[in-house]
Amino acid sequence: MMVTSQLIKIMEIERQNSDKNIRLLSSQRYYYTQAKKNRILKLFCSIVLVFFSPIILLNLPTARDPLCFIGAFGIILTFVIDFFENNNIKRAANIQEQFDTEIFGLDWNEILIGKKEPIEIIISGDKKFKEDKANLHNWYGNLQGIEYPYSVLVCQRSNLVWDWRLRKKFAIIMLVLLTLILSLGVLIGLITKLPLKTYLMGILIPSIPALFFGLKEVIEHFRIASEKTSLMNLTNSLLEKSSMPNSDLRQIQDKIYVLRTKSALVPDWFYKKYRTDYEINLAASNQDFHDRLMKKKN
């Protein structure tokens, strides 16, 4: 009976390229993209205020109070956009969880996640996904020769090792840009000898949405990267064990799900820039763990 169960688990992992599971992947990618578009809109509105408020203020000093009001409105708008963004993130994370539990053979944790997304929502996201679905094949790479439950653990690890590196790179770039934005406003104030009150109300306050958004992003990306690094180290230690209960896999999956629902997102263009490196590293990593597991088995 144990052998039969293990064979079923292996077959489930190999079904990552089935039509049903590719539909789940394309749907979750669509909703994540929508969330990123919400984020871009929020960033665009903030940046417009940052770059145009000094220009307007220098040419029209009486615009100080209106710019202050616009800056305050921008902060409120940020929270409104957050609502739609978080809905899309939650939906995408739930669909990704359906994909993972389907191929990992794990039970659905309704206490943590709630109900599965309705099939109509999944089909709608799939139909609106316009990219090449061929890029979604072998989502977790080639797992041939890696036996259950280690095949699941390798997949879970691949979710972690790539993401934390990508987040750290992106967070560092954002931190540099934030520093430049803040320095630019101060520099303009010093060069033009603006009164402190005029600088605060005409430049700093309109810049707050961008600075608040950027700082929140940087902190969140670094925090998620740190948590994923710790979880990755745990998977590394579990891969060295001779046996592993199914409950360990479920608990790791729960943690991965929670991290996926966080609002900090890496833009699609940044992901695509490093995608080739990711696939090469994933294949090499899977092969390394395959060799180590085979050696331990022998």
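Rule-based calculations on the coordinates, nothing more; no lab input. This structure is a prediction, so every number in the text was calculated from the model and none was measured. Using ideal geometry, Cβ is built from the backbone for each residue, glycine included, and neighbour counts are taken over all protein chains shown.
Observations on the model:
- Loop-located trypsin sites (Lys or Arg not before Pro) in region 128-179 (DSSP state other than H, G, I, E, B) with a sparse environment of at most 14 neighbouring Cβ atoms within 10 Å: Lys130.
- Given Lys169/Lys272; Lys193/Lys216; Lys133/Lys273, the pairs whose alpha carbons are separated by over 21 Å: Lys193/Lys216
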